[in-house]
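Everything below concerns the one structure shown next.
The values are calculated or read from the model by the stated rules, or taken from the named source; none is laboratory data. Remember, predicted model here, so these are calculated numbers, not experimental data. Don't worry about glycine lacking a Cβ; one is built from the backbone with ideal geometry, like all the others, and counts go over all protein chains shown.
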Amino acid sequence: MYISITGLKPKGFFSFLKFWFLAIPSFRQAEKSKGNIHTSTKQMHGYQCTVSAWESREVMLEFMRSGAHLKAMKAFHSIATGRTYGYESENIPNWDEAYTLLQEKGKDY
């Protein structure tokens, strides 16, 4: 399966509000998307983090490039900073593992 980890930090109060306005529909879209196995979210060290597991990288990319998630990605640079990391795995990481991977291997945006 393909694991996607994201950690985003809104740039300020109004960005925080806009972030949640965009993030909630995007999260709901992920939960209902074809090929989604697991989706969870948690605040860690000032980051709004998500961990999702997909049947394949291809189905994750279909989700990422459509609907509410695409709208959120287009607004991202104006409202937040953050990191992402994706990889193939047989296991879904726990939150501590996910945050460590994000910090050690994630790509900054």
Which numbered condition Thr6 fails, given (1) assigned to a helix (DSSP H, G or I); (2) within 14 Å of Tyr99 (Cα to Cα): (1)
Could you check the range 61-109 and list, in sequence order, the residues that are without any contact (Cβ under 8 Å) to a residue 40 or more places away in the chain and either of a type in the set (Phe, Trp, Tyr) or not in a helix (DSSP H, G or I) (or both)? Phe63, Arg65, Ser66, Asn91, Asn94, Lys107, Asp108, Tyr109
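Which residue is nearest to Met64 (Cα to Cα), if the candidates are limited to the range 11-49 and must be assigned to a loop (DSSP other than H, G, I, E, B) and among the basic types (Lys, Arg)?
Let us first name the residues in the range 11-49 that are assigned to a loop (DSSP other than H, G, I, E, B), namely 11-12, 33-35, 45-46.
Applying the additional criterion that residues be among the basic types (Lys, Arg) yields 11, 34.
On the way: Lys11: 22, Lys34: 12 Å.
Applying the filter and picking the extreme gives Lys34.
So, in the range 75-91, of the ones that are of a type in the set (A, V, I, L, M) and crowded, with 17+ Cβ neighbours inside 10 Å, which residue ends up farthest from the chain's Cα centre (by Cα)? First the steps, then the outcome.
Let us first name the residues in the range 75-91 that are of a type in the set (A, V, I, L, M), namely 75, 79-80.
Still in the list and also crowded, with 17+ Cβ neighbours inside 10 Å: 79-80.
Values: Ile79: 15, Ala80: 13 Å.
Within the range 75-91, the match that is farthest from the chain's Cα centre (by Cα) is Ile79.
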Here is a list of conditions, (1) more than 14 Å from the chain's Cα centre (by Cα); (2) modelled with pLDDT of 95 or more; (3) loosely packed, with under 12 Cβ neighbours inside 10 Å, and Lys107 meets all of them except one; can you say which number that is? (1)
Given the residues Lys18, Lys34, which is the only one that is touching a helix residue (DSSP H, G or I) at 6+ places or on another chain (Cβ under 8 Å), exposed (fewer than 14 other Cβ atoms within 10 Å of the Cβ) and either among the aliphatic types (A, V, I, L, M) or at pLDDT 95 or above (or both)? Lys34
